[in-house]
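Down below is the structure, laid out as structure tokens.
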Amino acid sequence: MTMGPMGAMRGALAPPRSSQDVRRTARRLVQLLRPDRWRLWGALALGVTSVAFMVSGPQILGNATNVLFDGLVAKRLPAGTTQRQAEQFLRAHGHQQLASMIAGMHLTPGVGVNIDQMGRVLGAAALVYLVGATFSYLQGYTMAGVTQRVMSQMRRDVETKLSRLPLRYFDSHPHGDVLSRVTNDIDNLTTTIQQGLSQLLTSALTVIGVLAMMLWISPLLAVVAVITIPLAFVVTVLIARRSQVQFAAQWNRTGTLNGLVEETHSGHELVQVFGRRDATVSEFTRQNRRLYESSFRAQFLSGIVQPSVQFISNLNYVVIAVVGGYRVASGLLSLGAVTAFIQYSRQFTMPITQIAGQMNMLQSGLASAERVFEFLDAPDERADRADSDARTGVDGTGGARVTFEHVTFRYEADEPLIDDVNLDVLPGQTIAIVGPTGAGKTTLVNLLVRFYEIDSGHLRLNGVDYRDLTRDEVRRCFAMVLQDTWVFAGSIRDNIAYARPEATDDEVIAAAIAAHVDNFVRTLPAGYETQLDEDASNLSSGQRQLLTIARAFLADQSVLILDEATSNVDTRTEVLIQEAMARLRQGRTSFVIAHRLSTIRHADTILVMDHGRIVEQGDHEALMARRGLYFDLYNSQFAGAET
Amino acid sequence: MLTRLVLRHLRPYRRPVALLVVLLMAQTVGNLYLPNLNADIINGGVVAGNLHYILRTGVWMLLLTLAVGAFAVVAVFFASRVSMAAGADMRGAIFTRVQSFAARDVNAFGTASLITRNTNDVQQIQIFLQMALTVMVIAPIMSVGGIIMALHEGARLSVLLLVTVPVMAIFIGAVMIRVIPQFRSMQLKIDRINQVLREQITGVRVIRAFVRTRYEADRFEVANASLTTTALRVNRVFALAMPAMMTILNLSSVAVIWFGGRFVSEGSMPIGNLTAFLTYILQILLSVMMAVMVAILVPRAAASAERIEAVLDTTPAVADPSTPVTPSAPSGLVQLRDVVFAYPGSERPVLENLTVDFEPGATSAIIGGTGSGKTTLVNLIPRFFDATSGAVVVNGVDVRDQALEPLWAEIGLVPQTAYLFSGTVESNLRFGRPEATDAELWRALEVAQARDFVATMPGGLDAPIDQGGTNVSGGQRQRLAIARALVKRPRIYLFDDCFSALDAATDARLRAALIDETADATVVIVAQRVSTVMHADRIVVLDDGRIVGVGTHHHLLADCEPYREIVISQLGAAAAT
């Protein structure tokens, strides 16, 4: 019935945080619930009503027991006497105990159990239970609506945030971490809110309601019960604190083991060929053993919470049975009250263990919420100009003119990545960019598609300043093949048609043939319908590059950007692709980055970059004649061939 | 699936499990006996006004409570031990099995999936086991014991159980049937959302470059709306389930007092028994509920069990033959005889009718376009794959007739993507031959042109290496991977396009040094750069899975058109004359 090991396991993920942070995060979560505040108040009202009805049930049932017991005792007393007379009669005959018990009852001696009255009382009890359950259902129904709306909204916020974050954010935050925030943390938070919020509310209300009923029935017995509550809590907390340590160890060791498994499987073939199978298995066994030890301790410690609380609950039961029995026998309490009390005390421990479990869960949920909020609070990309009415006059068929005027861009304040670049590219020209690693080649084309905003100077597309255009307007003029070859889970066809999902099969195949994708696609079992997984492990890196080239071919925009697009493709295929590209480039402007200089020999203009600056500029012959950086780069390529 | 897996892994723990069952039984019996004692307090103490009797029974109850508590703690001890140990065994079994997998088997599952199976899925089973070994044992004993005790307290009243228990069971069953499929579909929808988000993160540049943000947002919205609808439905069913079950419980209590009250007033049942009966019926119904709560874990655990069994049931595509043949005179000779390789179900084979020898003491190079089958060819030699037809013969014996470990001992592999293991430079170099001396390590580093940079790394040979080798540059990684193969001193070297991240000068120096180092060995080099292969003793030109030329650089230039094209594309027309 309790959250048990799962709740505790989840709780163990929560890193320790300052209470101030917790409070701030909790406040934001509450903020998130604001639009639903009326529904939440409604749910609270429904919950209070439901608990009020539910907790009065045992009391009414107790009354039924009283009617029964009264009748039973009364029947044994001589008829026609009064209760007072019967009491005195018993005392006179030495039944002191019975006499005092009767003193506390309402009975008519000689008359048996009043079945009608019992029926009425039981009818009332049944009604109270039914009404209570109905309210409880309505509360649960309302809460389900609220939590799902909130979580759906939260997921949407996260997704929208992803599209508004500047690329710098993705550069400076590991993908794995961002991913974990938007998936694992959101999942965890959903579970917490879904299960925790509603249950916590009910549990807390039940504890309060039961406590109130107990106090009402018998303050003395209530004191007994009240002592056991903190006891149960303290025991739970003490054990939880210890198991928390073990859970932390368990998660760390799971991480270590995970790392070992990942590493071994990633280097599977090497492990085999280098004869390391036995060594790896024994290392795994060692780590596995360590994990077992901590997970056993964690499970055991968290597992004894339930029996411990059960023990305290039983203790409570015994004390109530004994003390209650004494009180009834002494006429200070009715039997029905004791029966009701026993039921209450049973109802009491359950919500307490639940609250303990939910507290753990809530802790971990808050930790996740904090990470999600941190993500949502990251600064947005600068907004596009809302009143953008400038037009580029680019219609997708002709080339475009691209102008750089004193463009400077830096990541860190003191080291410019692009330093005062001036360039005017006319429609239809092919520009090649070469230079050593870190010269700023990729950064330059990233500025072109406005992945980053320039710090100073002007970038113009057909004479219109980028700042007067929206990002989408700029990007619609470009087709780009990036260094990293992103494919998504879907068919090969869908991946090629990503930029133009409406393309016909013929167009897709034409692009595939031009990019030399068609050949290998046909060796795959399902051809173009072959499903790729996210890391496209069924394609080689060269094949993935060809696929992304086909994607850009199909996109067919005015400006084509190829950033090391063929680095993993063999040179002969590269030449063939270049021929296809040359056809495609007719009338289009293109930018080509390549480290194989043979690739770009025929470009109209070759830019040689170094340290963020354009150091040389011209066609192949002119640059060779200069005997500068280009000349050196070009010759070093063939150094190996001439030895 | 679940039962099979669980039973198999519980077998070594038969004794603790038996002990556990006994303990849980004792605990349950104790718990069941408590209300009975309470009935005694009412009947023999309260009704008779015997305070001494109340106290004495109270002491009994106290002792029983202590015993029950002790049993419970010991039971949890064994339950935790058995469930965690069985889980650890499962992890061990999965890992060991995967170690015997062929590359193709590992790819079929995917590394990520294998990790999930080894940790998350086993965890699911552990959670299930832990619950099963406590609640699932207690619940039936509690129900049966409760029924016996209820019969004992009032046989006629127990007829009520014939109504309430089936009502409870049917209701819960109905809820489960509705909820479980939706639960499953909810999990799928969560996975889908996570996939969309993951793609948005990894593909952020492409998405923005192609202006597909809106499209992605729509894709997400569809997944999100679908998840919300399902989650809402599931949670509303749950919102109904709890109050409904409580109502069944509570109305049962009302019915007990209504019918029991009549029996009591007729004198056919003592009133104390009524209170006890009330507790029993609650316990019976609660244990039914508990069992159901655990049953909710079953589908999830069953799915995990299926995924674990899939790994354990996979017969490695490549395995030791039943009677391995040991080559009599190992020389390092590698022969391909009419080798065809095709992926199952594909339109065209990757390799077609290859026949070629790679001889000891010679350097053979393989060159060809992307997807021409170069890596596939190399992978056939250590049996990462088996040929569809034809034979790969190493040291005069078909590789399929040799035991794997001794075959692998012959081979030094440098794969296309240089992969280093976390540890130190030294631990990586000694990977294939732990007993190698430091001098040998430095010698290998020198040949691999890695001596200089290793010497300047903080700690030298002890310099730390991250998983995958991500803390060194691509070129350094490749050179360390080459050194690692050299330290092993095998008869056969396979260099799979592993010079690509080296600049031309380093490439040339390295190949020159290699010639001395590998003088007697069989060397197979796969490359895309002509400069890397042109000095090889023999060049094999692959095109679309076929050998289109074998010979020296000059020989091929003269009469192999595809080779000429490659040379021209890289070195210009002048080099081809």
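Where a number appears in this text, it was derived from the coordinates with a stated rule and is not lab data. Everything quoted here is computed from the prediction, not taken from an experiment. Backbone-built Cβ (ideal geometry, glycine too); neighbour counts: all protein chains shown.
A few remarks follow.
- Over 34 Å [Cα-Cα, chain A], rounded percent: 65
- Alpha-carbon Rg with Dmax, taken over region B:187-292, Å: 27.1, 87
- q = 0.10, 0.11, 0.15 Å⁻¹: log10 I(q)/I(0) that the Debye formula gives for region B:36-174, counting C-alpha atoms only: -0.64, -0.71, -0.96
- The Rg/Rh ratio for region A:172-224 is 1.45, where Rg is the radius of gyration of the alpha carbons and Rh is the Kirkwood radius.
- Using bins of 10 Å that start at zero, the share of Cα-Cα pairs per bin across chain B amounts to 3, 12, 16, 17, 14, 11, 9, 7, 6, 3, 1, 0, 0, in whole %.
- Charge dipole (Cα centre; +1 on Lys/Arg Cβ, -1 on Asp/Glu Cβ; no other charges) of region A:481-554 amounts to roughly 200 debye.
- At an R0 of 45 angstrom, the distance between the Cβ atoms of residue A:522 and residue A:34 translates into a FRET efficiency of 0.20.
- Our analysis of region A:192-308 gives Rg over Rh at 1.29, with the two radii drawn from alpha carbon positions and Rh computed by the Kirkwood formula.
- Taking the charge dipole of region B:63-147 about its Cα centre, with +1 at Lys and Arg Cβ atoms and -1 at Asp and Glu Cβ atoms, the residue from B:102, B:74, B:144 reaching farthest to the positive side is B:102.
- Average Cα contact separation per residue, chain B, under 8 Å, 6 or more apart, as relative contact order %: 14
- Between residue A:115 and residue A:625, the simple spin-label model (points 7 angstrom out along Cα→Cβ) gives 12.2 nm.
- Between B:265, B:533, B:444, the Cα set farthest toward the positive side of the dipole of the protein assembly as shown (charges on each charged residue's Cβ, about the Cα centre) is that of B:265.
- Neighbouring Cβ atoms from other chains, within 10 Å of the Cβ of residues in A:598-606, number 1 on average.
- The convex hull of the Cα atoms of region A:439-529, projected and averaged over all directions, covers 8.2 nm².
- Taken over the C-alpha atoms, region A:419-485 has Rg and Dmax values of 12.4, 34 angstrom.
- For the protein assembly as shown, the Cβ-based charge dipole about the Cα centre amounts to some 6080 debye (Lys, Arg positive; Asp, Glu negative; other atoms uncharged).
- In a simple Cβ point-charge model (Lys, Arg +1; Asp, Glu -1; nothing else charged), region A:193-286 has a dipole of about 320 debye relative to its Cα centre.
- Zero-based 5 Å bins, Cα pair distances in region B:16-70, whole percents: 5, 20, 23, 18, 13, 9, 6, 4, 2, 0
- Here the calculated FRET efficiency for residue B:266 and residue B:48, from their Cβ-Cβ distance with R0 = 22 Å, stands at 0.60, rounded to the nearest 0.05.
- Tail fraction, Cα-Cα pairs, region A:277-359, threshold 18 Å, whole percent: 62
- Viscosity 0.890 mPa s, temperature 25 °C, Stokes-Einstein D of region B:408-459 from Kirkwood C-alpha radius, µm²/s: 202
- Per-residue Cβ neighbour rank within 10 angstrom, fewest leading, A:278, A:384: A:278, A:384
- Relative exposure of B:265, B:500, A:364, judged by other C-beta atoms within 10 Å (fewest first): B:500, B:265, A:364
- Computed from Cα positions, the angle between helix B:213-266 and the longest principal axis of chain B comes to roughly 20 degrees.
- Toward the positive end of the charge dipole of region A:262-341, with +1 on the Cβ of Lys and Arg and -1 on the Cβ of Asp and Glu, the farthest Cα among A:299, A:338, A:274 is that of A:338.
- Per-residue mean of foreign Cβ neighbours for A:190-201 is 1 (Cβ atoms of other chains, 10 Å radius).
- When you restrict to C-alpha pairs under 8 Å that are six or more residues apart and normalise by the size of region B:416-475, the relative contact order lands at 54 percent.
- Over region A:453-591, relative contact order from alpha-carbon pairs under 8 Å, at least 6 apart, %: 32
- Distances between every pair of Cα atoms in the protein assembly as shown, grouped in 20 Å steps from 0 to the bin holding the largest one, split as 10, 31, 29, 18, 10, 3, 0 percent.
- Cα pair distances exceeding 18 angstrom across region A:453-601, given as percent: 58
- Shape analysis of region A:76-183 yields a ratio of the Cα radius of gyration to the Kirkwood radius, Rg/Rh, of 1.62.
- Within the straight-line cut-off of under 24 Å between alpha carbons, the lysines reachable from residue B:488 are B:374, sequence neighbours fewer than 8 places apart in one chain being disregarded.
- Förster-model FRET efficiency, 60 Å R0, residue B:310 and residue A:81, C-beta, rounded to 0.05: 0.15
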